[in-house]
C-alpha cells in the first residue's frame, strides 16, 4: 500500500511540474501582450486629462481612476478564481480592459471628460489583471521556487511595457491620420493588446493551474492525515478556507501597498513635470519606457534573490532603492533628462523588489483554499493605495512642487523598516 502511495505522489508531482511549465508559457505570452496595454495609461493618461480639462491639479485623476478600476477588478478576479479558477477571471479582466481602452479613444474624439473618466475606470481592469497574472505563476510552484514563479510571470511584461511608451510618437501619428487626438493613440494599442491577452488566456490556460493546485492539496491531505495545516506551513485540504491567514501575508500586503503608493505618486507626475520643463513627447516616452522596463525586466533576478536570500533582505532593498529614487528625483534639475531617467529607473526597480518579495510573503502565509480571495483582497488594497497616490500626487505637486512630492515619497518608503521589525517578531526568519 505504501508503495502505491509513493507512486501516486510521484505521478502527482510529475503532473504538477508539467502543468506548471505549460502555465508559465501561456502566462508569459499573455503578459507580453498585456504589457503593451498597461503602458498607455502610465504614459499619456495624465497628459490627456490635462489637455481636456486645462488644469494641472486634476492631472493625477486618470491614474487614480484606472487604479480604482483595477481595485474593483482585483476583488472580482479573486472571487472568480476561488470558484472558477484563474482562466476565466484573468480572461474577463483583460477583455474588460480592452473595452475601457476603446472607450478612452471614443471619449477623446468626442471631447467628453465624463466619458473619459468612466472609460479609464474600466480600463483599469487590464492593469489589475496584468498584475494578478503573477499569481498564476505561483499556483503550482514548489515553496522554494515561488519567487521564480512570480518573476517569470512578471518579466514577460517587459517586452510590451517598454515598447508601449516608445511607440507614443508613431501611435500619435497613426491617431492623427485617423482623425483621433494624438494622445489617444496609445489607447488604440491597449484595446488590441488587452483583447488579445484575454483570448490567449481563455483559449490556452488549460488545465487551470489554481484548480489543479487545489485538487492536489486536497488529495495530499486525504492521503496524509498528519499534514500540518498551519497557514505558514505545508498546504492542507479542503477545509483550509477556515485556516487563519499567516502573519507573512499581512507583511507582504503592507510592503506592496507602501511600494505602490510611492511608485505611483512619483511616476504619475513625471510626464507633467517633464512637459513643464520643455521635454518633448519622445523624451517622455523614453523616461517612462525605461521606468516600466525597470519595473518588470529585473524580475527574473529578483525572483532568484527572493528564493535564495529570503524575503527580508529584498524588502530592505525595496526601502533603500525607493528612498534613493525619491531623493534623486527631488534634487535633479528639471532639465536633466539623464538624472530623471536614473531616478525613474530606480523607482521601477524598487517597485519590482517590493512586489516580488511581497507576493512570495502572501503565498507563504496562505493555502490553496483561501489563497485567491486573500490575493484579490490584497490587490484591492494595493490598487486603492495607488489610486490615492495618483490623485494626491497632482494635488501635492500643484500645492508644492515635483521635487517636494518626490522627496516625500522617498521618505515614506522608510516605513518599511518598522514593518520588518514587526515581521521578525511575528514570523520565522526568511
Determine which single condition residue 246 fails, assuming it passes every other condition in (1) over 21 Å from residue 376 (Cα atoms); (2) touching a helix residue (DSSP H, G or I) at 6+ places or on another chain (Cβ under 7 Å); (3) at pLDDT below 90.
(1)
Selection over segment 295-311 where residues are surrounded by fewer than 24 Cβ atoms within 10 Å (Cβ to Cβ), at pLDDT below 90 and in a helix (DSSP H, G or I) yields a count of 1
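Test residue 268 against the criterion of being surrounded by 22 or more Cβ atoms within 10 Å (Cβ to Cβ) and under 23 Å from residue 149 (Cβ atoms), and give yes or no.
Values: surrounded by 22 or more Cβ atoms within 10 Å (Cβ to Cβ): yes; under 23 Å from residue 149 (Cβ atoms): no.
Considered against the rule, which asks whether it is surrounded by 22 or more Cβ atoms within 10 Å (Cβ to Cβ) and under 23 Å from residue 149 (Cβ atoms), residue 268 comes out as no.
Evaluate segment 10-17: report whether one residue or more is surrounded by 17 or more Cβ atoms within 10 Å (Cβ to Cβ), modelled with pLDDT under 85 and assigned to a helix (DSSP H, G or I). Walk me through how you get there before you give the answer.
Looking only at segment 10-17, we keep the residues that are surrounded by 17 or more Cβ atoms within 10 Å (Cβ to Cβ), and these are 16.
Add one more test, that the residue is modelled with pLDDT under 85, and what stays is 16.
If we keep only those that are assigned to a helix (DSSP H, G or I) too, we end up with 16.
Yes, that holds for at least one residue.
Taking the criterion of being part of a helix (DSSP H, G or I), at pLDDT below 85 and within 25 Å of residue 120 (Cβ to Cβ), would at least one residue in segment 397-404 satisfy it?
Yes, the conditions are met somewhere in segment 397-404.
If we scan segment 333-354, do we find a residue that is assigned to a helix (DSSP H, G or I), touching a helix residue (DSSP H, G or I) at 6+ places or on another chain (Cβ under 9 Å), over 30 Å from residue 83 (Cβ atoms) and without any contact (Cβ under 8 Å) to a residue 12 or more places away in the chain?
We begin by selecting, within segment 333-354, every residue assigned to a helix (DSSP H, G or I); these are 337-354.
Restricting the remaining residues to those that are touching a helix residue (DSSP H, G or I) at 6+ places or on another chain (Cβ under 9 Å) gives 337, 339-354.
So of that shortlist, the ones also over 30 Å from residue 83 (Cβ atoms) come out as 337, 339-353.
The next check asks that each one be without any contact (Cβ under 8 Å) to a residue 12 or more places away in the chain; those that pass are 339.
Yes, because at least one residue in segment 333-354 is assigned to a helix (DSSP H, G or I), touching a helix residue (DSSP H, G or I) at 6+ places or on another chain (Cβ under 9 Å), over 30 Å from residue 83 (Cβ atoms) and without any contact (Cβ under 8 Å) to a residue 12 or more places away in the chain.
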What number of residues within segment 355-392 are over 11 Å from residue 261 (Cβ atoms), more than 13 Å from the chain's Cα centre (by Cα) and part of a helix (DSSP H, G or I)?
11
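When you scan segment 166-242 for helices (runs of 4 or more DSSP H) that lie fully inside it, which ones turn up with 3 or more residues that are under 27 Å from the mean Cα position of the chain (by Cα), modelled with pLDDT of 80 or more and surrounded by fewer than 19 Cβ atoms within 10 Å (Cβ to Cβ)? Lay out the reasoning, then the answer.
Numbers: elements: 168-177, 185-204, 209-223.
Correct list: 185-204.
The values are calculated or read from the model by the stated rules, or taken from the named source; none is laboratory data. Every value quoted in this text rests on a predicted model; they were computed, and no experiment measured them. Cβ atoms come from the backbone with ideal geometry, glycine included; neighbour counts cover every protein chain shown.
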